[in-house]
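The structure appears right after this line, and notes come after that.
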Amino acid sequence: MANFNNAYKRTSVNEGGYADVKGDNGGETYKGIARNFHKTWEGWKIIDAYKKKNGPIKYGLIIKDSNLDELVKKFYKSKFWNVLDADSIESQSIADTLYDFGVNSGQSRSIKQIQKALGVSETGKVTDNLLQLINNPLNKLLENEK
């Protein structure tokens, strides 16, 4: 079965550190987590305390704090990996791709793309049937041959 830690390591490299870019709809962002879209994320308390103690944060800074690192990881696991039920996907590379695509384009879009590729209804929802098809795509191809 696919492993979240492997997917997270790969994707997190691209999410960077701190950013607060004028005109960005997400506003203040840390490792890809936008404050305007995730106002209640617990990591903002740590970031705010850091700013209070150290002043403004420079673009790209990664705060050295194991609690913050764990909150980031939990965020991505709950909001992206678990939505895909990716622990049930046998192929690490398929799970990595769906997870990464979901982080960058939205979970629903990621799910709809795999549904489209497998030739099933594009609902944007993971079902047991979809997981069976992801894990055994040959079954769908053989079904279409009949």
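The values are calculated or read from the model by the stated rules, or taken from the named source; none is laboratory data. Here the structure is a predicted model, which is why all the values come from computation and not from measurement. Glycine gets a Cβ as well: all are built from the backbone with ideal geometry, and neighbour counts include every protein chain shown.
From the list 62, 89, 33, which residue is in contact (Cβ under 8 Å) with a residue 40 or more places away in the chain and under 17 Å from residue 104 (Cβ atoms)?
Answer to the check: 33.
Working carefully through the options 138, 98, find the one that is part of a helix (DSSP H, G or I) and surrounded by fewer than 16 Cβ atoms within 10 Å (Cβ to Cβ).
Exactly one of 138, 98 is part of a helix (DSSP H, G or I) and surrounded by fewer than 16 Cβ atoms within 10 Å (Cβ to Cβ), namely 138.
Somewhere in the range 118-129, is a residue at pLDDT below 95, surrounded by 13 or more Cβ atoms within 10 Å (Cβ to Cβ) and in a helix (DSSP H, G or I)?
yes
Just give me the residues in the range 41-87 being under 11 Å from the mean Cα position of the chain (by Cα) and of a type in the set (D, E, K, R), in sequence order.
73, 74, 77, 79 - these are the residues of the range 41-87 that are under 11 Å from the mean Cα position of the chain (by Cα) and of a type in the set (D, E, K, R).
Of these, 75, 101, which one is in contact (Cβ under 8 Å) with a residue 12 or more places away in the chain, in contact with a helix residue (DSSP H, G or I) (Cβ under 6 Å, 6 or more places away or on another chain) and either closer than 24 Å to residue 4 by Cα or of a type in the set (A, V, I, L, M, F, W, C) (or both)?
101
Output yes when any residue across the range 40-62 is buried (at least 17 other Cβ atoms within 10 Å of the Cβ), closer than 30 Å to residue 123 by Cα and at pLDDT 95 or above, and no when none is.
Scanning the range 40-62, I find at least one residue that is buried (at least 17 other Cβ atoms within 10 Å of the Cβ), closer than 30 Å to residue 123 by Cα and at pLDDT 95 or above, so the answer is yes.
Just the residues that are outside any helix (DSSP H, G or I), free of Cβ contacts under 8 Å to residues at least 24 places away in the same chain and more than 19 Å from residue 77 (Cα to Cα), please, taken from the range 36-59.
36, 55, 56, listed by residue number.
Given the conditions (1) surrounded by 17 or more Cβ atoms within 10 Å (Cβ to Cβ); (2) under 24 Å from residue 133 (Cβ atoms); (3) at pLDDT 95 or above; (4) touching a Phe, Trp or Tyr at 6+ places or on another chain (Cβ under 9 Å), and given that residue 107 satisfies all but one, which numbered condition is not satisfied?
Status for residue 107: all satisfied but (3).
Considering only residues of the range 1-35 that are aliphatic (A, V, I, L, M) and not in a loop (DSSP other than H, G, I, E, B), which is nearest to residue 131 (Cα to Cα)?
So the residue we want is 7.
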